[in-house]
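See structure below.
The values are calculated or read from the model by the stated rules, or taken from the named source; none is laboratory data. The structure presented is a predicted model; accordingly, all values stated were derived computationally and were not measured. FYI the Cβ positions are ideal-geometry reconstructions off the backbone, even for glycines, and counts take in every protein chain you see. These accessible areas exclude ligands, DNA and RNA; they are computed on the full protein's heavy atoms, side chains included. Shrake-Rupley method; radii C 1.70, N 1.55, O 1.52, S 1.80 Å.
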Amino acid sequence: MGSIVRPLEVFTKESQERITNDTGAIELETRARSMRLKCPTAICGNIHGLSDFTRNFYKEKQCTLLHELGDNRTDLSACLDLLRAANAPSPTVVLGGLSGRADRTLGTLHSLVELQSDSSWSAPPPYVIILDGDNLVCVLRQGSHRFEFDHSHLTGTCGIAPICQSETLVTTDGYRWNLERTPLAFGSNISTSNELISEQVMVNTSAPLILTFELLSGSTNMTDPQQ
């Protein structure tokens, strides 16, 4: 995965592909009009649900509008498909998706597991990192992974949890409480309130796995994009 160093860089560096669903487009509109945030490069979802005022604004900004309504797929999955078609570099950063309705949070995690479990990739799929005001979350595919962390943006508190309905054996290094081919399963054993004790971490898993990390308050400046 390389380095996860400074979450703030997500907002200060130029992103070649910036994709949102229709709900995100509405939330971004005021800030995009005032040029406090860059416009998305594409909007995917219920485009017909946007007002003419909103649609015309994004069209003027050369934003691609793609109407897609799928009963069996999440908006996030559709957005990730667009990034795949654009050959966007890894990692992909998802802003939000962890708060509000619990079923939508589960849908967010499902989209990431779906991506990491897709066998049609000719190379390993890109890492996807979810950021909100409190958390950094990623789903790992089966295999061995190494990370580097800048602890100045993390509290150190973290978690490791299974997500698939299959045997999940996990080995780690760099945590306060490491695992050694430990079977993880809900109703049996998961790792919460663990702690990072090293800037370098290794995780080996036999099935897709969720990693969670608590961010220090204000690390992402997500509550005020002017900062």
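Details
- Using alpha-carbon coordinates, inclination of helix 102-117 to the longest axis of the chain, degrees: 70
- Sequence of T168, T41, T157 from largest to smallest accessible area, 1.4 Å probe: T157, T41, T168
- Applying a DSSP loop filter and a limit of 10 other Cβ atoms within 10 Å to the trypsin sites (Lys or Arg not before Pro) in segment 120-227 leaves R181.
- Dipole magnitude (debye, nearest 20) for segment 36-137, charges at Cβ of Lys, Arg, Asp, Glu: 360
- The residues M202, M35, sorted by heavy-atom accessible surface at 1.4 Å with ligands and nucleic acids left out, run M35, M202 from largest to smallest.
- In a reduced charge model with +1 at each Lys and Arg Cβ and -1 at each Asp and Glu Cβ, the chain shows a dipole moment near 360 debye about its Cα centre.
- Here, segment 86-199 is characterised by an Rg to Rh ratio of 0.94, where Rg is the alpha-carbon radius of gyration and Rh the Kirkwood radius.
- Applying 1/(1 + (r/R0)^6) with R0 = 22 Å to the Cβ-Cβ distance of S120 and Q16 gives a FRET efficiency near 0.40.
- Mean projection of the Cα convex hull over all viewing directions, computed for the chain: 12.7 nm².
- Per-pair calculated FRET efficiency, R0 = 30 Å: H67 and Q165 via Cβ, rounded to 0.05: 0.35
- Residues listed by number, segment 120-144, amide nitrogen under 17 Å from S198 label point at 7 Å toward C-beta: 144
- Helix-only [θ]222 nm of the chain, DSSP H runs n ≥ 4, -39500 (n - 2.57) each, per residue, nearest 500: -7000 deg cm²/dmol
- Simple spin-label estimate for E60 and E27 gives 2.4 nm between the two label positions (7 Å along the Cα-to-Cβ direction from each Cα).
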